[in-house]
Amino acid sequence: MGMVAELERRQSAMELHVINSIQQSLDNNQPLSFQALASLRSLIINPAAPDSTLSSVLDALTRSLQLNRDPVFLHHAVKLLSDLASHRPHLSPFALDLLRSDSLFSSASPRLVGESLSVLLSLASIGNDMDAARFVSLCLGPSVSVRQCLLRNAEKLVFRESVLLAVFLGFTRDPYPYVRKEALDGLVKLCKNGDFDDRDVIEGCYCRAVELLRDAENYVRSAAVRAVCEWGRLLVICSEDMNKQDSSDAVFIQLGCMVRDMSLDVRLEAFEALGKIGLVSEDILLQTLSKKVLGINKDKAYKPIEGLDISVSAVAGAYIHGLEDEFSEVRMSACYSLRTLTVFSLRFACEALNLMMDMLNDDSTVIRLQALDAIHHMATSDHLKVEKIHIHRFLSVLVDSSSVIRSMTRKILKLAKLPQFELFKLCIDGLLGNLEIYPQDEADVLSALFHFGRNHGKFTVHIIEEVAPEMEPASGGKLSFDSTRVAAFLVLAISAPLSHEKDVSAIPPRIFSYAVTWLGRISYGLSDIMNQEKLLAYLSECSRSSTISLADFKINEALLTVEGDASIPLCSKVDSPVSMPFWKDSGGISDYHQQEFLSLGKSAAHAEYELGEHSELRKYVNLIFKKVKDSWSLVELGCTTEACKGIRACKEEVASFTTESPGSFGAVAFTLQYLQVIEMLAKVWGHLRATKMLNPNGVGKLELLFAKLDRRLREISNRFIGLSKGEELQILDLVLVACLLRLSRVEICCCNAAMKLLSSTVAHVEYLHKEGSIEPSNFVTEVKKSLHDVDSSSSSSSCQPLLFKKLLDSFSLQQFVLYGTPRSVHAELAVPGNDSENPLPFIPGIPASIPLAITLHNI
């Protein structure tokens, strides 16, 4: 208490000294001293300071600004006025008037003018007060930083469009390249937000942007590409109807000239801009796919504006250059740009398909995925024409090592319509090969077979006739329940009656009877189409009737329609060219979640409705969880290093997700935390499941890994709210495994603490099972049974490593399925008004008062 009293006494003495200095300055009509100026901030930010004292501070600063023109003094005065405006709302108008005064803006120091502008712009208090004359005079001043700052923030200033247009156009000729870039960006913002109908103005801005496409600086050319795109689109709009096509073609060709630029950023901007042009002639589109000038385009030129001629040959092979670029970012941008243009021409889409098939050989998984996304886009627009030369390359990605690639390929097959039975049969063989190599894909493969068979009713009947002997019971009347191939053909067979094709021969009714014996397995694969009860009724009806139609069974047609293009562009922004897509298809469902979904029914459906806009992110996250489950088999085989590499790759993918939309931050944060838990668990598993004894160094390293794992588990258990009971149970499974791992080795076991945690976790698991009416997994059942045996044992020691090792053998990582939108409990801390160049001032020997801005989320 004595120390606190002493500090308060010193603080009061300092404030009294500052007040005396202020009063002395006012009485003598002199500026404040530097010592007094340095002490004012603690007085300003002190909430107990009286208003009368702060008014005196403001008067003293006003007088000092008139009497002292020293740049250092004015710099400190600006910082104090900024603090005064931020912390004292009732005095803010007076402080801002001083910041806008001629005493600061007429300073000979450009840095001081820039600081004053930055403060005013940050406080959003300059737009209504700065007149056009002062704005222009400051822009014409000697300071490049002031000019750049004003141009960058010009949209905050309330001026007429004509003033801003004149300023931006004028400074596109500034000798400093950064100023030219800001002027071009200003023209782009003006074009997007303004309302221009004067063709002369539009032509002038467009021509100026075209001139700067030849600028020496990369960032200026990038800005010029954006300006040409936006003003070019406006030029097309204001053109007469008969000239709109020519104007749009001319803008497209002008942008196409930049795809060979030496700068990576310029090429990225060029391809992004090409994808935004919504009206392009077919002959020009075809020219972008051929390096040789086509006959129809020889000597063909456009003249959108007087004095501005451009030849079609300038765009020859544009997309070939982009898809062959050495940088993966450019190849990806070219893929997406080409994707958006395939809807305009069937012939162009067919030619582009050849290039997309070549891109499926790319080393980058993301680019292969983007190429498949482009093919899927062709399918949704009914422009996908698969031929025999494509089919083998396309089907090879069904056995790609990436589960996301395989999922996207199957998604395309759900929409495909093939003209020949030979191609149809090759696709069926490809899906069966996928199922044989990756059994974990079974649910999605069965779904793809159902949709694919329904789209080719006659072919399906024909192939079922060929393979019918395989589906017949073996000797003794028993079906081959261990044959996944039989399940695949049964799904294909039951899709035929729902085909839109006419005169589809009937599938033998007994086939549907066979399918009933596979009901659980088939319904799991067709869960996106109909539930198990509806499927059973359908199979029962078909097994009694030789013919049945969609109308007869009264199945909602919407349930059987594969949704159209649902992907998000991989390359939507030049500053963030790689942004992963969110796919419609989700992964498999764990035992926990399947039981929970069936028991909760309406609650799960309500949660699905609430997610709405976040369902794409959630479903792609579920695919990430599926990849993690697949990698766990490597951990069990002892290939921990390879498994951790796969998990780190998943973390990189998740880290690239956008979190701008509301609610997405929690899902991304939870996924990253889950991946970190699995990575640490895999490392610990790799150490402890080895047969050799641990050396002393290994024990220390393992203790460190356990500490990290425990921390990760605590964070994922406590930092996220809104999880379902099934999701909580899977997290508790991981806690149980961590306890068992610690108990399985004598060298590192702290038996009492680990057993206590294991018992409490099992009790929590039992409670959640009862609350949610969820059946426990085999692993949890074995742990509960063994724990009961240990407790009832007469042995003095309850630590039995061999028993806990045996329990670990029954553990198998279940795929985590995210049904809701978890919310992350976290806080953000910031120190306003503090940076490396201008740190918070303090007086040695006196406690410093540091303001903190703390934002709590979901607390």
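The values are calculated or read from the model by the stated rules, or taken from the named source; none is laboratory data. Just so it is clear, the structure is predicted and the values come from calculations on it, not from any experiment. Please note: Cβ atoms are built from the backbone with ideal geometry, for glycine as well, and neighbour counts cover all protein chains shown.
Selection over the range 257-275 of residues that are part of a loop (DSSP other than H, G, I, E, B) and in contact with a His (Cβ under 8 Å, 6 or more places away or on another chain) gives a count of 0. For residues in the range 208-226 being closer than 13 Å to residue 269 by Cβ and of a type in the set (Val, Ile, Thr), which is surrounded by the most Cβ atoms within 10 Å (Cβ to Cβ)? Per the criteria, the residue is 225. Of the numbered criteria (1) modelled with pLDDT under 90; (2) under 22 Å from residue 499 (Cα atoms), the one residue 428 fails is (1). Checking each residue in the range 276-331 for being part of a helix (DSSP H, G or I) and small (Gly, Ala, Ser) picks out 295, 313, 314, 318, 322, 328. Just one of (1) within 24 Å of residue 653 (Cα to Cα); (2) surrounded by fewer than 18 Cβ atoms within 10 Å (Cβ to Cβ); (3) at pLDDT below 90; (4) hydroxyl-bearing (Ser, Thr, Tyr) fails for residue 396. It is (3). Out of the range 301-312, which residues are crowded, with 16+ Cβ neighbours inside 10 Å and touching a helix residue (DSSP H, G or I) at 6+ places or on another chain (Cβ under 7 Å)? Selection gives 302, 304, 305, 310, 312. Answer yes if at least one residue in the range 358-368 is more than 25 Å from the chain's Cα centre (by Cα) and within 21 Å of residue 414 (Cα to Cα), and no otherwise. No, the conditions are met nowhere in the range 358-368.
Set side by side, the residues 247, 145, 222 differ, and just one is at negative phi and modelled with pLDDT under 85, which is 145. Restricting 301, 352 to residues that are modelled with pLDDT under 85 and not aromatic (Phe, Trp, Tyr) narrows the list to 301.
Filter the range 359-416 down to the residues that are outside any helix (DSSP H, G or I) and either of a type in the set (Val, Ile, Thr) or at positive phi (or both) and list them by number.
382, 386
Restricting to the range 270-300, name every residue that is buried (at least 19 other Cβ atoms within 10 Å of the Cβ) and charged (D, E, K, R). Correct list: 272 only. The sole residue among 229, 205 that is farther than 22 Å from residue 163 by Cα, buried (at least 18 other Cβ atoms within 10 Å of the Cβ), touching a helix residue (DSSP H, G or I) at 6+ places or on another chain (Cβ under 9 Å) and not charged (D, E, K, R) is 229. Looking only at residues of the range 255-274 that are under 15 Å from residue 227 (Cα atoms) and touching a residue at least 60 places away in the same chain (Cβ under 8 Å), we find that the one that is farthest from the chain's Cα centre (by Cα) is 256.
Of everything in the range 358-376, what is crowded, with 19+ Cβ neighbours inside 10 Å and either touching a His at 6+ places or on another chain (Cβ under 7 Å) or more than 23 Å from residue 426 (Cβ to Cβ) (or both)? Give them in sequence order. Listed by number, the residues that qualify are 366, 367, 370.
Being among the β-branched types (Val, Ile, Thr) and closer than 18 Å to residue 265 by Cβ narrows it down to one residue among 188, 167, 163, 201; which is it?
188
Scanning the range 785-792 turns up one or more residues that are modelled with pLDDT of 80 or more and surrounded by fewer than 14 Cβ atoms within 10 Å (Cβ to Cβ).
Among the residues of the range 328-357, those that are among the β-branched types (Val, Ile, Thr) and buried (at least 20 other Cβ atoms within 10 Å of the Cβ) comprise 330, 342.
Taken together, the residues in the range 671-724 that are touching a Phe, Trp or Tyr at 6+ places or on another chain (Cβ under 6 Å) and modelled with pLDDT of 85 or more amount to 1. All of 846, 850, 854, 859 fail the test of being more than 24 Å from residue 675 (Cβ to Cβ), surrounded by fewer than 17 Cβ atoms within 10 Å (Cβ to Cβ) and at pLDDT below 75, apart from 846.
Annotation: residue 463 fulfils all but one of (1) in contact with a helix residue (DSSP H, G or I) (Cβ under 7 Å, 6 or more places away or on another chain); (2) part of a helix (DSSP H, G or I); (3) within 30 Å of residue 643 (Cβ to Cβ); the unmet one is (3). Go through (1) acidic (Asp, Glu); (2) closer than 27 Å to residue 366 by Cβ; (3) touching a helix residue (DSSP H, G or I) at 6+ places or on another chain (Cβ under 7 Å) for residue 283 and report which single condition fails. (2) is the only condition that residue 283 fails.
The set of residues in the range 524-538 being in a helix (DSSP H, G or I) and farther than 17 Å from residue 441 by Cβ consists of 532, 533, 534, 535, 536, 537, 538. Among the residues making up the range 165-193, those that are part of a loop (DSSP other than H, G, I, E, B) and surrounded by 15 or more Cβ atoms within 10 Å (Cβ to Cβ) are 172, 174.
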